[in-house]
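Notes follow the structure.
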Amino acid sequence: MSDTRRARPRRKRPGGNQSARASVPAAEGATFSGNIILCGFMGCGKTSVGKRVAKLLNRRFCDLDKYIEQQTGMTVAEIFAKEGEESFRARESQAVEEVAAEKGLVIASGGGTVLARKNVDAFHRYGGKILFLDVPVAALQERLKNDKRRPLLQRPDRREFIASLWEKRCPLYREAADIVIDAGAPAVVVAKRIRELFQ
Ligand code: S3P
């Protein structure tokens, strides 16, 4: 299946979890002014795809991790090292509250952002659409094999860790998402798929 608009058998809930077509009806696509939020596992392309989508749709781009770094004056790695993951998650939720209230952004969330229900709710409260960039785990393992920046990945069993974390997180990304995007392709291709949904 290579089409962005594939429908998946998914549990429906009000305002979400439907196929791409159903989530952004043609009439709404072009006029949709809420935020477009990209979610998914580390390395799935949230930032690289997001920057391109913002350009294509003439929107502002916001990288949530960068936003947190600007607000705190620390890198994500420094926050993890100095304050621990729990503190990072609190800062992340604070950042979500702030950016979710904006209009017309393309937001690259962090890999753990939508695992917290309150963050998903905040994005939806302001009318945002959450897109899950679905990339096969083998591709993620390959993309992340030399990563030196992400605190969660600095461990000797990285490959296995990615596989088990991906297993746990995938259902939650799907649950959070309004739209699932087949995102194993190069960023430029994925970005064009997303543009089609909002034009
Ligand atoms: C995290 C992903 C990172 C960053 C932090 C935690 C995660 O963002 O928010 O290191 O829990 O998956 P990216 O997905 O942009 O790497």
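I'd like the residue in the stretch 33-46 that is over 14 Å from Val135 (Cα atoms) and surrounded by 19 or more Cβ atoms within 10 Å (Cβ to Cβ) and, out of all such residues, is nearest to the ligand (Cβ to nearest atom). For the stretch 33-46, the residue satisfying everything is Ile37. Within the stretch 12-50, can you find the residues that are modelled with pLDDT under 95 and not in a loop (DSSP other than H, G, I, E, B)? Matches in the stretch 12-50: Arg13, Gly16, Ala20, Arg21, Ala22, Ser23, Ala26, Ala27, Glu28, Gly29. For beta carbons closer than 6 Å, sequence separation of 6+ or different chains, a first residue in the stretch 34-57 that is within 21 Å of Arg149 (Cβ to Cβ) and a second that is among the acidic types (Asp, Glu), the qualifying pairs are Thr47/Asp63.
Exactly one residue out of Tyr67, Tyr126 is over 16 Å from the mean Cα position of the chain (by Cα), aromatic (Phe, Trp, Tyr) and over 26 Å from Ser164 (Cα atoms): that is Tyr126. Determine if the stretch 79-90 includes at least one residue that is aliphatic (A, V, I, L, M), within 10 Å of the ligand (Cβ to nearest atom) and in a helix (DSSP H, G or I). Yes, there is a match, as at least one residue in the stretch 79-90 is aliphatic (A, V, I, L, M), within 10 Å of the ligand (Cβ to nearest atom) and in a helix (DSSP H, G or I).
Being in contact with a strand residue (DSSP E or B) (Cβ under 7 Å, 6 or more places away or on another chain) and within 13 Å of the ligand (Cβ to nearest atom) is the filter here, so list the residues in the stretch 162-182 that pass it. So that I can check it myself, show each step before the final result.
To start, the set of residues in the stretch 162-182 that are in contact with a strand residue (DSSP E or B) (Cβ under 7 Å, 6 or more places away or on another chain) comprises 173-174, 176-182.
Result: Tyr173, single match.
Taking the condition under 21 Å from Thr47 (Cβ atoms), assigned to a loop (DSSP other than H, G, I, E, B) and of a type outside the set (Asp, Glu), does Ala185 pass? It is true that Ala185 is under 21 Å from Thr47 (Cβ atoms), assigned to a loop (DSSP other than H, G, I, E, B) and of a type outside the set (Asp, Glu).
Considering (1) within 10 Å of the ligand (Cβ to nearest atom); (2) out of contact with any strand residue (DSSP E or B) (no Cβ under 7 Å at 6 or more places or on another chain); (3) within 23 Å of Pro186 (Cα to Cα), the lone condition that Asn58 does not fulfil carries the number (1).
Evaluate the following for Asp3: is it over 25 Å from Ile162 (Cβ atoms) and either at pLDDT below 95 or within 10 Å of the ligand (Cβ to nearest atom) (or both)?
Spelling it out, Asp3 is indeed over 25 Å from Ile162 (Cβ atoms) and either at pLDDT below 95 or within 10 Å of the ligand (Cβ to nearest atom) (or both).
The values are calculated or read from the model by the stated rules, or taken from the named source; none is laboratory data. This one's a predicted model, so the numbers in the text were calculated from it and none came from an experiment. Note that each Cβ is placed from the backbone with ideal geometry, even for glycine, and that neighbours are counted across all protein chains shown.
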